[in-house]
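The structure appears right after this line, and notes come after that.
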Amino acid sequence: MSSSLSEKIFRTILGAFGVFIVLLMFSVAIFLTVGAWPVIRHGLSDFVQTQTWNPVNGQFGALAVLFGTLVSSSIAIAIAAPLGVGAAIFLKELAPARVASVFSFLIEMLAAVPSVIFGLWGFFVLAPAIRDHVAPIFYPLGEYVPIFRGPSYGVGILTAGVVLALMILPTMAAIVREIFSAVPQHQREAALGLGSTRWEAVRVAVLAPSKPGILSAAVLATARALGETMAVTMVIGNRNAVSLSLFDPGQSMASLIANEYAEASDSRHIAALMAVGLLLLVISLVVNAVARIIAKRSAAKWK
Amino acid sequence: MEIATKKLLLEFMVTTQAKRKRKNIFANLVLSILAILAVSPLVAILGFLISKGIGALSWEFLTSLPAPYGESGGGMGHSIVGTFILVLFASLLGIPVGFGAGIFLAESSKESRFASIVRLCAEMLAGVPSIVVGLFAYFVAVLPFGGFSAFAGGFALSVIMIPVIARTSEEILRLVPVHVREAGLALGLPRWQVVMRIVLRGSRKGLFTAVLLAVARASGETAPLLFTALNSRLWSFSATQPISSLPVQIYTYATSPSEEWHQQAWGGALLLVLLVLGMSLFARFLFSGKKYGT
Amino acid sequence: MKVVCALGSSLVSLVVSAPALAAASLSGAGATFPAPLYSRWISDFEKVNPETKLNYQPIGSGGGIKQFIDGTVDFGGTDAPMTDEQIAKVKGNVLHVPTALGAVVFTFNVAGVQKPLNLTPETACGIAMGKISTWNDKRLLSLNAGVTLPSAPLTFVHRSDGSGTSAIFTDYLSKVCPEWKDKVGSGTAVNWPVGLGGKGNDGVSGLIKQTPNSIGYVELVFAEKNKLPVAALKNKAGKIVSPSTNSVTQAFADSVAKLPSDFRMSITDADGAASYPISGITYLLVRKNMSKEVGVPLVKFIKWGLRDGQKICPSLSYAQLPAEVVSRVEKALNVIELK
């Protein structure tokens, strides 16, 4: 075999794998679009603005699950972002090397824990704790602020948000740590050399220039939370309605599909679920893309 | 840096030394607490898994089928075997395609348009929510073949594995120093032989890590299996029959009302975590060098 | 690459050896309502027919019907008969095989209350509509003199998946409660006005056990096996009746004369004085045209269930089919054509 021929064959085979990946991604999008077509045809804007999810008369709207997904993911990132950034500063800038390596190892392991295990723990440990110990603290506030209106059943939007926070925390912490590593050492030294305290040096020389990177980490972590299925299904309460209280049960796009897809037999119902799947896919991809764009911009900084 | 310096100087002027020291101590304290909070979930989850799950682990649990309704005992033997079979099927498709794509990306020039499209698609694929992968697999691998099957479950998991392997292996292959390739080419070896013989062989540990990470990820997935592999109460070794898996069985038992099943769910969860964390640990250990040729 | 080779070769051996291990293997899915019964049936049936392996996955009646229509299972299970529209989707190629009768019961988790509560159609409706939102509601207290009900908020738990249990429950509510009929209606999945959702009968009873001051509906056996208290319900004749195999049998007896030839019938809100009002028939869905490989063992299993299997029903709190119905069903099985 001549070397140029073998070279060609080699390239073609490798190229075929590349084509396969492209086809795979496209077919995921195409299958969902085709499945959701009956809904898309009537316009998605109605679909995302309707709250009713009523299989009896075939009325389907995605507002409730959009709401559930967005609120639970927002809670998640609101908790995970400060924790992740705080942990990353501690690990990268303050802690002795030994402590830092143990802690980052533990956080890395948390990332490997499967979703269903977060769900199991959330359902049996976290949900009762929130119901019995956390929620009652807020009940007095609930009279004035609807988001704290009780009672808490244990499972609900808040519980889902907290479980999601734990799940995306490692992503957040790991990326932020990497961003800090990219900050040149002389920046810190310069600040310290001026006589600043450790914290001042971190704040001015590390934290401030890393802002866009932290933002992109937060967006990326949020993207993970949006599509998370199993743990959410187990703790969100599975109720298709918009409700202001964080203690109330809700439903996310992913948990709705997990709950109903295997049994939807009415064609309108199936199409509505496919449309929810498509919506989830599009939102996840867009959020991921936004994170990447921010990351690219901020990474260019030190070059 | 100028702005930062100005900021610092301003701060030195307006606040006293003691105040700044206090602030520093306070910040250190808060950050340490945040770090402790960040690791406590893992400790809490593992703690509960061990304390609640260890009692369920027994020979019977590991080797038998679930007991018929209302009878006590039984185990998750079939789910353990099922998870291995599903991951095996997933690897069969996922590893070659993942590696193929990874090699393709590593061997393409950075400027190549097509390669950047492939890279983008791999990245997008990694961002597809796992439940959506399940929906897709139902259409591609369940409906046309007339039934839930281990094959369909494996297919769904492979879609999860492919981008993980592709991206990790590209990264690893790009670590191979240019002079190593050049040396091979200088010997007169054709490019494909340089890749297959020198580049891949030298990176085998790293590539194995990529596989481990992908397998660890796939073996813990539940959502893509719900409407592909479904579940089963039988020992199943067939590609065309529904099959049980640890995550799905844990989910089923956890949401049931039976105390005994709860206990088994904790036991299964402990087992699954040991499996997945074990693989991740091993991967980490292998990859701790992160250099070519180690 | 070595890994790939190793995996590949072990797979080949796996596939080659598979047919030998898998004898006749039938896959079914559907209702969770009869799942405990089928689990027992299958276990006992396999003891006498070791060459047949059955896998019944409780994914909900809605799921049973859908997967039957999609052709992904050999048989389906449902407590909500297929609608005409659904039957049209399989071009009429379906036989509803009644296998047992059961009761959908209110079960609850209220600290200190283990005795059965009494409910009426109005209070049942009030709970599901969200009109009764605390346990010490006057309407509940007046029905249950002597029981201390807390002032705690009442949490209603329903199914999150498409469910025949829900179909029977909502069919009942639609009959007794005009407001329910107007605003919600009946079906395997409805737009619940309030409450938490659990997947399957197991999921609902699990959630009730896990949530203090909750109440929901499940098949009788799920309450009994999990030691959850149940509620007695006032029936059409105005009598308060506890759910039991007897009161379910009575409910079926009231309308057995009207049982149509395809066996699709609702028996909720039955007339008799001793009838439990939320009773239902559970069915297996089988195709009228089947391959021999599937049909022979499946029909054998069904016939076994209609004879020997019936004797197991009472031990799991399901009511047996009356003998004359069994013989009617057996006759109906004759239309099955095996190819």
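The values are calculated or read from the model by the stated rules, or taken from the named source; none is laboratory data. Note that the coordinates shown come from a computational prediction; the quantities given were computed from them, not determined experimentally. Cβ coordinates were reconstructed from backbone atoms using ideal geometry, including for glycine residues, and neighbour counts include every protein chain displayed.
Points worth noting:
- Output for region A:32-76, where each listed residue is of a type in the set (A, V, I, L, M, F, W, C) and more than 24 Å from B:Val133 (Cα to Cα): A:Val56, A:Ile75
- Some residue of region B:205-212 being free of Cβ contacts under 8 Å to residues at least 24 places away in the same chain, assigned to a helix (DSSP H, G or I) and within 10 Å of another protein chain (Cβ to nearest Cβ): no
Every residue, every condition in (1) at pLDDT below 90; (2) closer than 15 Å to A:Ile77 by Cα, yes or no:
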| position | (1), (2) |
| --- | --- |
| A:Gly154 | no, no |
| A:Ile168 | no, yes |
| A:Ala191 | yes, no |
| A:Gly195 | yes, no |
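- Elements of the type strands (runs of 3 or more DSSP E) sitting completely within region C:172-251 and holding at least 2 residues that are modelled with pLDDT of 95 or more and crowded, with 21+ Cβ neighbours inside 10 Å: these cover C:214-219, C:231-234.
- Contact annotation: residue pairs with Cβ atoms under 8 Å, 6 or more positions apart or on different chains, pairing a residue in region C:305-330 that is within 14 Å of chain B (Cβ to nearest Cβ) with a partner that is of a type in the set (D, E, K, R), are C:Gly309/C:Asp44; C:Ile312/C:Arg40; C:Ile312/C:Asp44; C:Leu316/C:Arg40; C:Ser317/C:Glu224.
- Against the numbered list (1) modelled with pLDDT under 95; (2) among the aromatic types (Phe, Trp, Tyr); (3) closer than 15 Å to B:Leu42 by Cβ; (4) surrounded by 24 or more Cβ atoms within 10 Å (Cβ to Cβ), A:Phe103 comes up short only at (4).
A quick yes/no check of all residues on (1) buried (at least 21 other Cβ atoms within 10 Å of the Cβ); (2) in a helix (DSSP H, G or I); (3) in contact with a Cys (Cβ under 9 Å, 6 or more places away or on another chain):
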position	(1), (2), (3)
B:Ile198	no, yes, no
B:Thr228	yes, no, no
B:Ile243	yes, no, no
B:Tyr253	yes, yes, no
B:Ser256	yes, no, no
B:Val273	yes, yes, no
B:Gly278	no, yes, no
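- Of all residues in region B:120-149, those satisfying the criterion of being aromatic (Phe, Trp, Tyr) and either in contact (Cβ under 8 Å) with a residue 40 or more places away in the chain or not assigned by TED's automatic domain parsing to the domain that holds B:Gly102 (or both) are B:Tyr138, B:Phe145, B:Phe148.
- For B:Val248, the criteria (1) within 24 Å of the chain's Cα centre (by Cα); (2) more than 13 Å from chain C (Cβ to nearest Cβ) hold in every case but one, which is (2).
- Counting only helices (runs of 4 or more DSSP H) that fall entirely inside region A:47-147 and contain at least 2 residues that are facing chain B (nearest Cβ under 9 Å), the qualifying elements are A:63-89, A:97-112, A:115-121.
- Of all residues in region C:73-118, those satisfying the criterion of being more than 22 Å from C:Gly200 (Cα to Cα), part of a loop (DSSP other than H, G, I, E, B) and touching a helix residue (DSSP H, G or I) at 6+ places or on another chain (Cβ under 7 Å) are C:Val90, C:Val94.
- With respect to the conditions (1) among the polar types (S, T, N, Q); (2) within 23 Å of the chain's Cα centre (by Cα); (3) surrounded by fewer than 19 Cβ atoms within 10 Å (Cβ to Cβ), B:Ser91 falls short on a single one, namely (3).
- B:Pro177 being away from every other protein chain (no Cβ under 11 Å) and either over 20 Å from the mean Cα position of the chain (by Cα) or of a type in the set (Lys, Arg) (or both): yes
- Positions within region A:178-199 being buried (at least 23 other Cβ atoms within 10 Å of the Cβ) and assigned to a helix (DSSP H, G or I), in sequence order: A:Ile179, A:Ala191
- Matching residues in region C:28-62 - criterion: being within 14 Å of chain A (Cβ to nearest Cβ) and in contact with a Ser or Thr (Cβ under 6 Å, 6 or more places away or on another chain): C:Gly30, C:Ala31, C:Phe33, C:Pro58, C:Gly60, C:Ser61, C:Gly62
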